[in-house]
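To start, the structure itself, in structure tokens.
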Amino acid sequence: MKPVPAEVLALMKNRVVNIHPALLPAFGGQGFYGEKVHAGVVARGCQYTGLTIHLVNERYDEGQILLQRMVPVPPGSTPEEVAALVLKQEHAWYWRVIGAFAKGSIRPLSGDDPSRAADASEFLAGLAQAN
């Protein structure tokens with residue numbers, strides 16, 4: 001995977017969203033994508049993995065985290081089985097975050113602090129009320 005060009009990030013400041021198939025910061029960074037992530041989870045014997053939806057910045061997998069969801073890893077799972085479990089949750093959550101941007105309950109901020117690139121408080125409050 002290649003980084004998003006700086007020109008695109010400048011044009012779309014704090015508006016580029018990525019979904020990562022692990023609970024960042026674990027199994028993140030350059031070289032950790034797709035099956036490589038799930039193979040790392042299985043090799044390390046993790047009981048849990050998950051997904052992270054975050055904003056994209058100039059550094060791999062270091063943008064502001066908007067949402068994380070945990071996924072249990074059954075004993076003896078293969079990377080392919082873990083991938084299927086995580087993908088199911090990715091499908092359940094990614095559209096919600098994108099929809100929140102479209103509705104304005106996640107709002108990009110204009111500052112340069114990568115940890116405060118968006119205000120997701122309204123979105124997260126809605127999730128808390130739903131639970």
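Computed from the coordinates by the stated procedures, all read-outs in this text should not be read as laboratory data. Bear in mind the structure is a predicted one, so any value in this text is a computation, not a measurement. Backbone-built Cβ (ideal geometry, glycine too); neighbour counts: all protein chains shown.
Over the residues of the chain, the helix contribution to mean residue ellipticity at 222 nm works out to -12500 deg cm²/dmol, using -39500 (n - 2.57) for each DSSP H run of at least 4. One equal scatterer on each Cα of segment 58-131, no solvent, Debye formula: the resulting log10 I(q)/I(0) at q = 0.21, 0.26 Å⁻¹ is -1.01, -1.21. For the peptides 57-65, 110-118, 9-17, the ranking by mean Cβ contacts within 10 Å, running from highest to lowest, is 57-65, 9-17, 110-118. In terms of the mean number of neighbouring beta-carbon atoms within 10 Å, the peptides 24-30, 98-104 order highest first as 24-30, 98-104.
Eigen-decomposition of the gyration tensor built on the alpha-carbon atoms of the chain gives equivalent ellipsoid semi-axes of 26, 18, 11 angstrom, largest listed first.
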